[in-house]
Amino acid sequence: MLIVLLFFSLFRTLQGVPMASPSSETDYFSIRLRETESHFGQRTVNDIIISCFATIFACTWSAIHPNIPALTDCWWTRFKRQVTIMICALLAPELITMWALMQRVGAREIMETYNREILKDFTSQPTSIIDSIKGLFHDSPPLDSSKSSIKGPRWTLTHGFFLQMGGFMLSEDGRPIHILIDGSQPTMPQKLHLLHNIKEGIISPPRITEEDIQDRSKGDIISKTLIILQTTWFIVQCIARWSQQLPVTELEIVTLGFAMLNGITYAFWWNKPQNVGRPVFLERENLICTPSKIPEAIDQSTTSTTGENVVASSHEPKTPSQLHSGFLERKLRKSPNAFGIFWYLLQWLVRPLLKLLLRRVTLTHTDAAPVFYKPAINNERGPAAIIAIIGTLFGVVHLIPGWFLVFASRQEMWLWRVSAILITATSIVFGLAVLKNTDRDAEDFFKIIIYLTVLSLLIFYPIARIILLFLSLTSLRTLSPAALQTIEWTTFIPHL
């Protein structure tokens, strides 16, 4: 269905050259209300909506690379998790890009640590910022075949992503025990660390290759290329309209921001498997050794990494009706009024955004990785600077056109401009906050000012994003006739 929508929006506005220009005395509003098909050289509001919605759907649903769900999760739990990520991508797409960047940096550190400590491969590390940026998009060189045959294949970025996703699970006699994760987060117990279990002889090094991991992925080169072509084609259309001095609608401006971030996010997640459903089981070795090498038994029905009781992984998956009714029943019992339900729904919306922002991740269940898991990287200054630049560009995409767009009222104009300034300033201040937090010489007073500014901006940031999305839809009711003119592509063809 997605491919049909992509091709439909791709070729929907490719029409012939108009034989005659429309009369200036034509009542535009009657045309927009009565006509169901566009004339040559014109597009309809439906064409704009379909093209923008197909691009936004590709950027917020199809482009997401989620972590591996728990074995006991039903289809409703997986669908609800995907919808939550999509809402986060709609409200704060920069945070999704930051999540992808942090995972890529973490995947490279995991790859280098595994190859160095397990395979004893001491490859030279990058010494400059330019080398570090280049290393984000280059995989590891091939390892000597003799060394690879003893302790498994050399790890790549795909292996690092797969470990973060919860792709490896400790098992005994085919029965899953708990996932194995990287040891970067201080909140993760040592018994969940993959390298610790390998060094202690509890498990053997994984023998799975990069090709085997990518075979489990539901996203291939063709599907990724189609999404990139869709977003790139949309960007080209916007640039072509500006070059011919044709107005671009507010909805297209918002979609342009999504398309720009989608290409960057896809670049960070290019080596990450997409929509993998089950982890790889690593069987526990039959140890005849000292008791110190035997892992502690995990009773998931009574223990969690935070010291709280968690649900056992062996429970039967709940049906969608049970999950939905239980949620409403709990909320109505605590706050049986409309404001209480609204407040809990707001918390449900803001909590995922906070999880994307927080660096420390808490594991509440040992049967799957957290939804927004990202490893703790050694140096955050480089990624913070990259995210600040990307977020600023995303805000500028809304800010600069906002001074040239024609709005229906003065109130809508200032709402758009103030919201665009807010999302632009948030990225700049957020980058400064991370840089000053890693700077030991920075004064505490200056850090407090930065943190308070970031907190105030983050409170109003979701509101500003909702305002931009709302204005982009309401602006379709008052489009100028020039906004419905299609691009004359023949003017870009060199001719005598």
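The values are calculated or read from the model by the stated rules, or taken from the named source; none is laboratory data. All values reported here derive from a predicted model rather than from experimental measurement. Here the Cβ positions follow ideal geometry from the backbone for every residue, glycine too, while neighbour counts run over all protein chains shown.
Could you count how many residues in the range 44-100 are farther than 25 Å from residue 250 by Cα and out of contact with any helix residue (DSSP H, G or I) (no Cβ under 6 Å at 6 or more places or on another chain)?
16
So which of 249, 265, 209 is of a type in the set (S, T, N, Q), closer than 17 Å to residue 107 by Cβ, at pLDDT 90 or above and more than 24 Å from the chain's Cα centre (by Cα)?
Details: 249 fails: closer than 17 Å to residue 107 by Cβ; 265 fails: more than 24 Å from the chain's Cα centre (by Cα).
None of the others qualify; the one that does is 209.
Just to be sure, is residue 229 among the aliphatic types (A, V, I, L, M), surrounded by fewer than 20 Cβ atoms within 10 Å (Cβ to Cβ) and in contact with an Asp or Glu (Cβ under 9 Å, 6 or more places away or on another chain)? Break it down into steps so the answer makes sense when it comes.
On the way: among the aliphatic types (A, V, I, L, M): yes; surrounded by fewer than 20 Cβ atoms within 10 Å (Cβ to Cβ): yes; in contact with an Asp or Glu (Cβ under 9 Å, 6 or more places away or on another chain): no.
No: the conditions fail for residue 229.
List pairs: first in the range 345-360 and at pLDDT 70 or above, second among the aromatic types (Phe, Trp, Tyr), Cβ under 6 Å, 6+ apart or cross-chain?
355/372; 356/99; 356/372
What residue, among those in the range 75-115 that are out of contact with any Pro (no Cβ under 9 Å at 6 or more places or on another chain) and of a type in the set (Gly, Ala, Ser), is modelled with the highest pLDDT?
My answer is 100.
Within the set of pairs 6+ apart or on separate chains, which have a first residue in the range 191-209 that is part of a helix (DSSP H, G or I), a second that is among the acidic types (Asp, Glu), and C-beta atoms under 9 Å apart?
Close Cβ pairs satisfying both conditions: 191/296; 194/182; 195/117; 195/182; 198/117; 199/117.
Identify, by number, the condition in (1) surrounded by 18 or more Cβ atoms within 10 Å (Cβ to Cβ); (2) hydrophobic (A, V, I, L, M, F, W, C); (3) modelled with pLDDT under 80 that residue 198 doesn't meet.
(3)
Can you pull out every residue in the range 222-272 that is of a type in the set (Ser, Thr, Tyr) and in contact with a Lys or Arg (Cβ under 8 Å, 6 or more places away or on another chain)? Step through it out loud before you land on a result.
Taking the range 222-272 and keeping what is of a type in the set (Ser, Thr, Tyr), we get 223, 225, 231-232, 243, 249, 255, 265-266.
Selection gives 266 alone.
Residue under question is residue 375, and the condition is that it be modelled with pLDDT under 70 and in a loop (DSSP other than H, G, I, E, B); does it hold? Outline the logic, then answer.
Details: modelled with pLDDT under 70: no; in a loop (DSSP other than H, G, I, E, B): yes.
Here the answer is no, as residue 375 does not meet what is asked.
Regarding the range 148-156, can at least one residue be identified that is in a helix (DSSP H, G or I), small (Gly, Ala, Ser) and modelled with pLDDT under 55?
As a first pass, look at the range 148-156 and keep what is in a helix (DSSP H, G or I): 148-151.
Filter again for small (Gly, Ala, Ser), leaving 148-149.
Retained after the next criterion (residues that are modelled with pLDDT under 55): 148-149.
Yes - at least one qualifying residue is present in the range 148-156.
In the range 244-289, how many residues are of a type in the set (A, V, I, L, M), surrounded by 22 or more Cβ atoms within 10 Å (Cβ to Cβ) and assigned to a loop (DSSP other than H, G, I, E, B)?
1
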